[in-house]
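These notes are about the structure you will find just below.
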Amino acid sequence: MRDLIGIDDLDRGEIESVLDLAAEMEVLREMGSDLCKGKILATIFYEPSTRTRLSFESAMLRLGGEVLGFADPQTTSVAKDETLADTVHMVCNYSDIIVMRHSKAGAARLAAQHSVVPIVNAGDDAHQHPTQSLTDLFTIRRLRGDISELTVGICGDLRFGRAAHSLAYALAMFGARIVLIAPTGLELPEDVSWRLDNLYGANTSLAETPRDVIGELDVLYVNRLQKERLPAELDANAIKDVARSYRVDADLMKLAKPDCLVMHPLPRVDELTHDLDDDPRAAYFQQSSNGVPVRMALMAMLLRRVDRPAFREKPRRVTEPSEHVCANPACVTQAEPRVRPLVETVDAARGVKWCAYCRYLLPDASGS
Ligand code: NCD
């Protein structure tokens, strides 16, 4: 059994098999199928969602399966202080696969420890959003071909944007050139940069505004300011000003290559204007639609309903108990009761370890 917690749980070959199968799923999306007949998807969403939850549910229904779950945890025993571990213990008795979104980093990893069915992470705080990246890669490959040949600008709130983090790892795996475009204070977190450099040898460069680099890009991937995760001292006007500082509009796109794609995981706020919607380079609506065949492919593979080389069984990561609670204030270990802190060794030679839940590097581990 396999879970999907981070995009880096898959290797490049496995990602490519999901994307290949997703292309075949487009026909089944139209015609319907009974590939997952008798299977039940549970969607348990502790944070708001439109596209991710509904596209997963649509994907399972198109595969002939059934769907149950909740989008408002306050209607469940969470309101009676039930732990995540106990909730997952129950839900895996009622379903064959669980897709979950949570406001704590590492929550999906914790859930996987307590589940006998595959867990798919649909976003855990600012950590990762791997199925968004599969959708992004599918869209880029479909519209622009070989990902490894491309220069992709990832723009906006790179500090708290989980879609941006997972996409950066995925692009690095494909060997694409990555331009990280972020306003001051919203740059990639140190541990994400560390991973890109040290685990992937990623080809990255930095810019402060999209205008500085727009002419070089084959894809401009825009992200909303994650206002729900920003430090409380920032007021609404300051937030709007920051979002405007990297706004992508028709004027900016005059400076872009004639085939530069504009992408966005959505929802958009002030950072992407509506005057771009009719530009043939605007790929964001197609991108969100592609979430259905991609999630059909992923679930069919995780449930072993397709006769093709699927995900390889991988040895479980080796973890060891830790005396120290993870230093990441957003880590699930800080929020859930009775969670034993665990660490994983990432690079034994250099003594690098990270929290097994949210993958936050241990303080002395980054070599800095
Ligand atoms: C993203 C998310 O939830 O991380 N949305 C999505 O899943 N399409 C991006 C965002 O909320 O900004």
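The values are calculated or read from the model by the stated rules, or taken from the named source; none is laboratory data. In this text, all values refer to a predicted model and were calculated from it rather than measured experimentally. Cβ placement follows ideal geometry from the backbone for every residue including glycine, while neighbour counts extend to all protein chains displayed. Accessible surface is based on the protein model in full, side chains and every heavy atom, while ligands, DNA and RNA are left aside. Shrake-Rupley method; radii C 1.70, N 1.55, O 1.52, S 1.80 Å.
Taking the solvent-accessible surface of protein heavy atoms with a 1.4 Å probe, what is the per residue accessible area of the chain in Å²?
Numbers: 15640 Å² over 368 residues.
So the chain comes to 42 Å² accessible per residue, rounded to a whole number.
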For the chain, cysteines whose Cβ has no other cysteine Cβ within reach (under 4.7 Å): CYS36, CYS92, CYS155, CYS260
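Quick check: at a probe of 1.4 Å, how many percent of the accessible area of segment 176-259 sits on carbon and sulfur atoms? Before the final figure, lay out each step's value.
Values: 1990 of 4130 Å².
Whole-percent figure for carbon plus sulfur exposure: 48.
Taking K and R as +1 and D and E as -1, what net charge do the other residues with C-beta under 10 Å from the C-beta of VAL332 add up to? List each step's numbers first, then the result.
Values: positive: LYS104, ARG109; negative: ASP124, ASP125, GLU336.
Its environment carries a net charge of -1.
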Reachable aspartates and glutamates from LYS240, criterion Cα separation under 16 angstrom, eight or more residues apart if same chain: ASP157, GLU228, ASP249, ASP270, GLU271
Mean Kyte hydropathy of -0.5 or more with a Cα span along the axis of at least 20 Å, helices from DSSP in the chain: 12-31, 130-144
Whichever lysines have a C-alpha closer than 25 Å to that of LYS353, once near sequence neighbours (fewer than 8 apart) are set aside: LYS104, LYS314
Rounded Å value of the spacing that divides the Cα centres of segment 110-156 and segment 238-285: 20
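Rounded to a whole number of µm²/s, how large is the Stokes-Einstein D of segment 174-242 at 10 °C and 1.306 mPa s, given Rh as the Kirkwood radius over C-alpha pairs? Don't skip to the end; give the middle numbers.
Values: Rh = 13.8 Å.
Estimated diffusion coefficient is 115 µm²/s.
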